[in-house]
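Please read the structure below before turning to the comments.
The values are calculated or read from the model by the stated rules, or taken from the named source; none is laboratory data. Values in this document were obtained by computation on a predicted structure and should not be read as measured data. Because the Cβ atoms are built from the backbone with ideal geometry, glycine has one as well, and the counts that use them run over all protein chains shown. Keep in mind that these areas ignore ligands, DNA and RNA; they rest on the heavy atoms of the full protein, side chains included. Shrake-Rupley method; radii C 1.70, N 1.55, O 1.52, S 1.80 Å.
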Amino acid sequence: IAAREALLKPVYLQAATEFADLHDKTGRMKAKGVIKDSVPWARSREYFFYLAKRRIAQDNYISQLKAADSSLDYNRALNVLKSLCTVDWEDNHAVLDFYSANHAAIISKINEVKVAAIKAQIDALQKQLGE
């Protein structure tokens, strides 16, 4: 059995390598929509640093929006943030800078969403009482 394994090992290694190349290359991943674009190795640390910082800030704002209005799901809360953003949405560094520079405006919008949600609840309760 060991001799047979030694004989077949190069064939299986080549097949496994070919399989991985067909599935895990950036071109194939981009074609399948798994990734948006490839990141050059020289820029990867900077890219993922700003991506992580942006997502942390963004998820924080989305959590606040969802807490302000329980009817909001992730995508609708994200659309609220997108509507406020005046920079290229695909540029993580620019969006992070926008979040930092416009923190007060974003918090103000979150408060507006909260007030609108409370008003909607009051209107719904008044309709129930009127029926």
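Given K82, K30, which one is farther than 30 Å from N102 by Cα and basic (K, R)?
K30
Restricting attention to the stretch 4-38, which residues are open to solvent by 80 Å² or more (accessible area, probe 1.4 Å), more than 29 Å from the chain's Cα centre (by Cα) and aliphatic (A, V, I, L, M)?
Result: L7, V11, L13.
Looking at K53, is it open to solvent by 70 Å² or more (accessible area, probe 1.4 Å) and out of contact with any helix residue (DSSP H, G or I) (no Cβ under 7 Å at 6 or more places or on another chain)?
no
Among residues belonging to the stretch 56-65 that are open to solvent by less than 20 Å² (accessible area, probe 1.4 Å) and of a type in the set (A, V, I, L, M), point out the one that is nearest to V39 (Cα to Cα).
I62
Which numbered condition in (1) in contact (Cβ under 8 Å) with a residue 12 or more places away in the chain; (2) open to solvent by 80 Å² or more (accessible area, probe 1.4 Å) is the only one that A68 fails?
(2)
Between a first residue in the stretch 25-38 that is modelled with pLDDT under 80 and a second residue that is basic (K, R) and part of a loop (DSSP other than H, G, I, E, B), which pairs have beta carbons less than 9 Å apart while being 6 or more apart in sequence or on different chains?
Nothing qualifies.
Could you please find all residues in the stretch 58-112 being in a loop (DSSP other than H, G, I, E, B) and either over 30 Å from R43 (Cβ atoms) or not hydrophobic (A, V, I, L, M, F, W, C) (or both)?
Passing the criteria: D69, S70, S71, L72, D73, T86, D88, E90, D91, N102.
Taking the stretch 72-100 as the search range and keeping residues that are small (G, A, S) and under 21 Å from F48 (Cα atoms), which one is most open to solvent (accessible area, probe 1.4 Å)?
S100
Being under 14 Å from the mean Cα position of the chain (by Cα) and of a type in the set (S, T, Y) is the filter; apply it to the stretch 39-64 and report the residue that is nearest to D88 (Cα to Cα).
Looking at residues that are under 14 Å from the mean Cα position of the chain (by Cα) and of a type in the set (S, T, Y), I get Y50.
Among the numbered conditions (1) open to solvent by 80 Å² or more (accessible area, probe 1.4 Å); (2) under 20 Å from F48 (Cα atoms); (3) touching a residue at least 24 places away in the same chain (Cβ under 8 Å), tell me where K114 comes up short.
Result: K114 fails condition (2) only.
Filtering the stretch 39-50 down to residues that are of a type outside the set (A, V, I, L, M) and open to solvent by 100 Å² or more (accessible area, probe 1.4 Å), which residue is nearest to I107 (Cα to Cα)?
Per the criteria, the residue is F49.
Which one of these is in contact (Cβ under 8 Å) with a residue 12 or more places away in the chain and among the aliphatic types (A, V, I, L, M): V87, V80?
From the options V87, V80, the qualifying one is V80.
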